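Student: Supplied in structure tokens, the structure appears directly below.
What follows draws every value from the coordinates through simple rules; no lab data is involved. Predicted, not measured: the structure shown is a model, and the values here were computed from it. For neighbour counting, all protein chains shown are included, and Cβ atoms are generated from backbone atoms with ideal geometry for every residue, glycine included.
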Amino acid sequence: MQQHLAVKNAPDIEMRLVAIADLYVDSGSGGYQRALDVIRANSYAKNFEPGAMKAINVSVRPDGRMMITDGQHTVHMAGQLGYTHIQAMVVHGSRESEAKCFLIGNGKGKKNATSKQRHDAALVARDPVALAAQSIMNTYGIAVSTGGLRKGFTNAIGAITSYSNANPAALKRAMDCIASAWKEDDCAWSGVVLRGMFDLAVGAHDMELIAAKLRKRKATARQVMDIASALQTAAGARGGGAAHAKAAILKACGIKVP
């Protein structure tokens, strides 16, 4: 049974049963959706209540592929229970429109998607702010970390995106300084270091001098993070030290903090 829901000036939505075998998810290499949590989906199947199963959202691409935009765990559960078809709200879209839907459903504050997944989806959706942030990262040869800090990766895509939108000139000075001082440092592109360098750049500090002093004193990015954390603890505040990152960098440079 099919039902068309037409609203003036809005895309048509078709409610119908779709074959589970025909459904795909934009995940894996080059994808932005999170991987299937099999344990979670199996738990749904174990505690299944027929009235609790919801319709999934599906986007039909121009090539005919049917992409799940919301409900992959429901689909897995249905398959585990022996269903061959599932109720779906179907629209005709594209990978770009699917990514926009993903961003709407997985915006900031949502626990389901990681910062990297939201950033990757924003790139697919051709979001200009995300594209600008990615261009900056490409300039410095860094990528978004999926966990932990290591050379060439950042755990602060949110900060880079925000700073590139608010003050790209200051962000460039900050990142030039980081690249000059700590090109090979695993912690160079951490959120704490980026926050401190950006604050210094906004404050019109001599960033070339700061980089030179850090190199001369052989101060590492990890040391800056540790100093910032200690300053924050001493101030009676929680967190990783971002609020005191600027002072930590100056201290590591041997510059007296007011």
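Student: Quick check on packing: order 73-86, 163-176, 39-52 by the mean number of other C-beta atoms within 10 Å, highest mean leading.
Tutor: Ranking, from highest mean packing down: 163-176, 73-86, 39-52.
Student: Here's something else I'd like to know. Please list 3J(HN,Hα) in residue order for segment 154-166, calculated via the Karplus relation 6.51 cos²θ - 1.76 cosθ + 1.60 where θ = phi - 60°; whole Hz, with x for glycine and proline.
Tutor: Here the 3J(HN,Hα) series is 10, 9, 10, 4, x, 5, 4, 4, 5, 5, 5, 7, 7 Hz.
Student: Roughly how big is segment 111-169's charge dipole about its Cα centre, with Cβ charges of +1 (Lys, Arg) and -1 (Asp, Glu), in debye to the nearest 20?
Tutor: So the magnitude is around 180 debye.
Student: Then there's this: Can you list the residues, at least 5 places off or on another chain, whose amide H is less than 5 Å from the amide H of Ala143, using H built in the peptide plane?
Tutor: Under 5 Å from the amide H of Ala143 lie the amide H atoms of Phe153, Thr154, each far enough along the sequence or on another chain.
Student: Follow-up. Given Cβ point charges of +1 (Lys, Arg) and -1 (Asp, Glu) and nothing else, what value in debye, to the nearest 20, does the dipole of segment 134-253 about its Cα centre take?
Tutor: 240
Student: Which residues does the label zone of Phe48 cover in segment 66-92, counting backbone N under 18 Å from a point 7 Å along Cα→Cβ?
Tutor: Inside the label zone: 71-88.
Student: Show me the ranking of peptides 138-148, 119-129 by mean Cβ neighbours inside 10 Å, starting with the highest.
Tutor: Highest to lowest by the protection proxy: 119-129, 138-148.
Student: Let me ask you something else. Rounded to whole Hz and in sequence order, give me ³J(HN,Hα) for segment 243-252 from the Karplus expression 6.51 cos²θ - 1.76 cosθ + 1.60, θ = phi - 60°, writing x for Gly and Pro.
Tutor: With coefficients 6.51, -1.76 and 1.60, one gets 5, 10, 5, 4, 5, 5, 5, 4, 5, 5 Hz.
Student: Then there is this: Please go through the residue pairs Lys151/Lys216; Lys116/Lys256; Lys183/Lys256; Lys100/Lys246; Lys183/Lys246; Lys54/Lys100 and name each one whose alpha carbons sit more than 30 Å apart in this structure.
Tutor: Beyond 30 Å: Lys116/Lys256; Lys100/Lys246.
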